[in-house]
Ligand SMILES: [Mg+2]
């Protein structure tokens, strides 16, 4: 599978990519603007991402805005719901309001940092990204 990891913190980015690289090819970006660029580039190349791990607190464009933008683009491009990219929000914030907003904008799951690998794998199974 093709995975995009958007995370501004180096340590978290390294950790998430180390875990996720077992399951697919990972692209790494460091802010929300790059995340949107990478998403659009993949669409243009007709090699869309299967999964995006999206940090909420990021420079330039925050994760919730990136999520909202991607869902809007999917709607504009008439992507069938079952083909929508799976998006897992990640954050160290215990901010339930922000997490609720992310679910309102149709993220698929939420993982709090530090990431619990076992829980993350369960989420991947639940989203049918792995067996
Ligand atoms: Mg961050």
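Look at region 95-110 and say how many of its residues are in contact (Cβ under 8 Å) with a residue 40 or more places away in the chain and out of contact with any strand residue (DSSP E or B) (no Cβ under 6 Å at 6 or more places or on another chain).
2
Based on what the data block shows, is residue 92 at pLDDT below 95 and touching a strand residue (DSSP E or B) at 6+ places or on another chain (Cβ under 9 Å)?
Yes: the conditions hold for residue 92.
Picking from 131, 116, which residue would you name as being without any contact (Cβ under 8 Å) to a residue 60 or more places away in the chain, touching a helix residue (DSSP H, G or I) at 6+ places or on another chain (Cβ under 8 Å) and exposed (fewer than 15 other Cβ atoms within 10 Å of the Cβ)? Write out each step before concluding.
Working: 116 fails: touching a helix residue (DSSP H, G or I) at 6+ places or on another chain (Cβ under 8 Å).
It is 131.
Just one of 82, 72 is surrounded by fewer than 18 Cβ atoms within 10 Å (Cβ to Cβ), without any contact (Cβ under 8 Å) to a residue 40 or more places away in the chain and within 20 Å of residue 127 (Cα to Cα); which is it?
That would be 82, the only listed residue that is surrounded by fewer than 18 Cβ atoms within 10 Å (Cβ to Cβ), without any contact (Cβ under 8 Å) to a residue 40 or more places away in the chain and within 20 Å of residue 127 (Cα to Cα).
Condition (residue is over 28 Å from residue 131 (Cα atoms) and within 16 Å of the ligand (Cβ to nearest atom)) applied to region 43-57: is it met by at least one residue?
Scanning region 43-57 turns up at least one residue that is over 28 Å from residue 131 (Cα atoms) and within 16 Å of the ligand (Cβ to nearest atom).
One residue is enough: does region 77-84 have a residue meeting the conditions modelled with pLDDT of 95 or more and in contact with a strand residue (DSSP E or B) (Cβ under 9 Å, 6 or more places away or on another chain)?
No, there is no match, as no residue in region 77-84 is modelled with pLDDT of 95 or more and in contact with a strand residue (DSSP E or B) (Cβ under 9 Å, 6 or more places away or on another chain).
Name the residues in region 1-24 that are touching a residue at least 60 places away in the same chain (Cβ under 8 Å) and either near the ligand (Cβ under 10 Å from one of its atoms) or assigned to a helix (DSSP H, G or I) (or both), would you?
Within region 1-24, 6, 7, 12, 15, 16, 19 meet the criteria.
Restricting to region 34-61, what's the tally of residues that are surrounded by fewer than 19 Cβ atoms within 10 Å (Cβ to Cβ) and within 11 Å of residue 89 (Cβ to Cβ)?
Qualifying residue count for the region: 1.
I'd like the residue in region 85-94 that is within 16 Å of the ligand (Cβ to nearest atom) and assigned to a loop (DSSP other than H, G, I, E, B) and, out of all such residues, is surrounded by the most Cβ atoms within 10 Å (Cβ to Cβ).
92
So which residues in region 102-120 are in a helix (DSSP H, G or I) and farther than 20 Å from residue 14 by Cβ?
So in region 102-120, the residues in a helix (DSSP H, G or I) come out as 102-104, 117-120.
Hits for region 102-120 are 102, 103, 104.
Within the group 99, 123, 64, which residue is in contact with a helix residue (DSSP H, G or I) (Cβ under 8 Å, 6 or more places away or on another chain), buried (at least 17 other Cβ atoms within 10 Å of the Cβ) and not in a strand (DSSP E or B)?
Checking each option against the conditions leaves just 64.
The values are calculated or read from the model by the stated rules, or taken from the named source; none is laboratory data. Quick caveat: nothing in here was measured; it's all calculated off a predicted structure. Note: ideal-geometry Cβ built from the backbone for every residue, glycine included; neighbour counts use all protein chains shown.
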